[in-house]
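Read through the structure below, which is laid out as structure tokens, and then see the notes.
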Amino acid sequence: MTDQIIRRIWPIAPISLALALITLLMIVVGANPLTVYQALFDGSFGGREQSLSTLAFWVPLLLCSTGLLVTFTAGLWNIGVEGQMIAGSLGASAVALMVAKPNPSIPGWVILPLAIVVAMLSGALWAALAAILKTRGRIHEIFGGVALNNLAAIATIYLISGPWQPPEGGSLRGTVPFPTQALFPLMGTSRFSPLSLILALVALVLVALALRGTFWGLKLKAQGKNLRSAFLLGVPSEREAINAMMVCGALAGLAGAVRVLSWFDSLRQSISGGIGFLAILVVLLAGTRPLWTLLIGLFFSALLNGGTFVHSRVQLHSSLSGLIQGTLVLFVLLLGDYTRIFRRKKTVMEAISDHE
């Protein structure tokens, strides 16, 4: 019983040690850690505007992280989640520019669901390309994902400076603003949409239930633990790999739609903002645990939003948040695996018993 409790709370240990090291470094450079942490908190949750900004960044991060829970469980390193997010933003932008803008009479309750569906389908199909490259072309998903990330970024630049350029001419700044009916309803003057948060939380709950309590989730776990054994037990590895990648791609595509239809009101260069790559770190730190994924994603969002405030108040560089992230990742990689650290050596009799 005690061992199970320690396993559940163990993720706190490497995070605490990382924060302790960062605190020591602050003291060494002459900064007051309490003042720095207070500035981080004020910059992320110190007021209504800061809190809503943190939540607005957290929602697409949570969606990408939720999708990665599926692919990581299946043993797939979906580095291409960034490109899948971009593909989703392109799909949502296509609906806004090619359907909503020429037809202003179409209401938002028609346009917005259509944009969400097209974005999720675009992300899923983009992910399917990486999966097919792996299963049919024997190209590892890391290499396929990196290539597709670059292609998605190139496609964005082409559309912004070409077919979707503003009337005044080609520009890398972005397209024309989208019609209001194509945008997520926002809270006040912020960039946070309560609807997007509801969608993200529903997605997290559904994925958590699917991975924990369904036969599909069991097959993904078997494939992630031992691909050969899963194949011998009758798990169709190729089909499940494609399915897992497409589910992740669909959620990343939804994240792209949230990003382009709430954080921004037009398609911009680097629309993803590195959220896909950050989501990989979140899931690594969380150890594919849904609840920890939610909390660590919120923690990272707060770090990024509060980092700029630290510079103005404490005169420390805003890259402090990046330093904290990197230290967290290092400590989790070193100490995050409870089983590896506390694995005791078997006696001779235990080894003979296991063999029998």
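Numerical summary
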{"read-out": "Given charges at beta-carbon only (K, R positive; D, E negative), |dipole| of the range 59-286 in Debye", "value": "480 debye"}
{"read-out": "Computed over the range 59-286: relative contact order in percent, which uses C-alpha pairs under 8 Å that are six or more apart", "value": "43 percent"}
{"read-out": "Chain lengthening between T23 and L330 when straightened (0.36 nm per residue, less Cα-Cα)", "value": "108.9 nm"}
{"read-out": "Rg and Dmax of the chain, Cα atoms only, in Å", "value": "22.1, 80"}
{"read-out": "3J(HN,Hα) from dihedral phi, the range 81-92, Karplus parametrisation 6.51/-1.76/1.60, rounded to Hz, x for glycine, proline", "value": "4, 5, x, 5, 5, 5, 4, x, 5, 5, x, 5"}
{"read-out": "Under the Karplus curve 6.51 cos²θ - 1.76 cosθ + 1.60, θ = phi - 60°, whole-Hz ³J(HN,Hα) for the range 99-105, x wherever Gly or Pro sits", "value": "10, 5, 5, x, 10, x, 7"}
{"read-out": "Mean Cβ count within 10 Å, highest first, over the residues of peptides 95-101, 58-64", "value": "58-64, 95-101"}
{"read-out": "Integer Hz, Karplus 6.51/-1.76/1.60 couplings in order for the range 253-265, x for Gly and Pro", "value": "x, 4, 4, x, 5, 4, 5, 7, 10, 9, 5, 10, 10"}
{"read-out": "Theoretical gain in end-to-end length, D42 to I154 [0.36 nm per residue, Cα-Cα removed]", "value": "36.6 nm"}
{"read-out": "Rough spin-label spacing in nm, given labels placed 7 Å along Cα→Cβ, for I198 and L218", "value": "3.5 nm"}
{"read-out": "Separation of the A128 and Q269 label points, Cα + 7 Å toward Cβ, nm", "value": "3.2 nm"}
{"read-out": "Inter-site label distance for L323 and V176 at 7 Å from Cα along Cβ, in nm", "value": "4.7 nm"}
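Read-outs throughout are calculated quantities, based only on the coordinates presented, and are distinct from any laboratory measurement. Just so it is clear, the structure is predicted and the values come from calculations on it, not from any experiment. For neighbour counting, all protein chains shown are included, and Cβ atoms are generated from backbone atoms with ideal geometry for every residue, glycine included.
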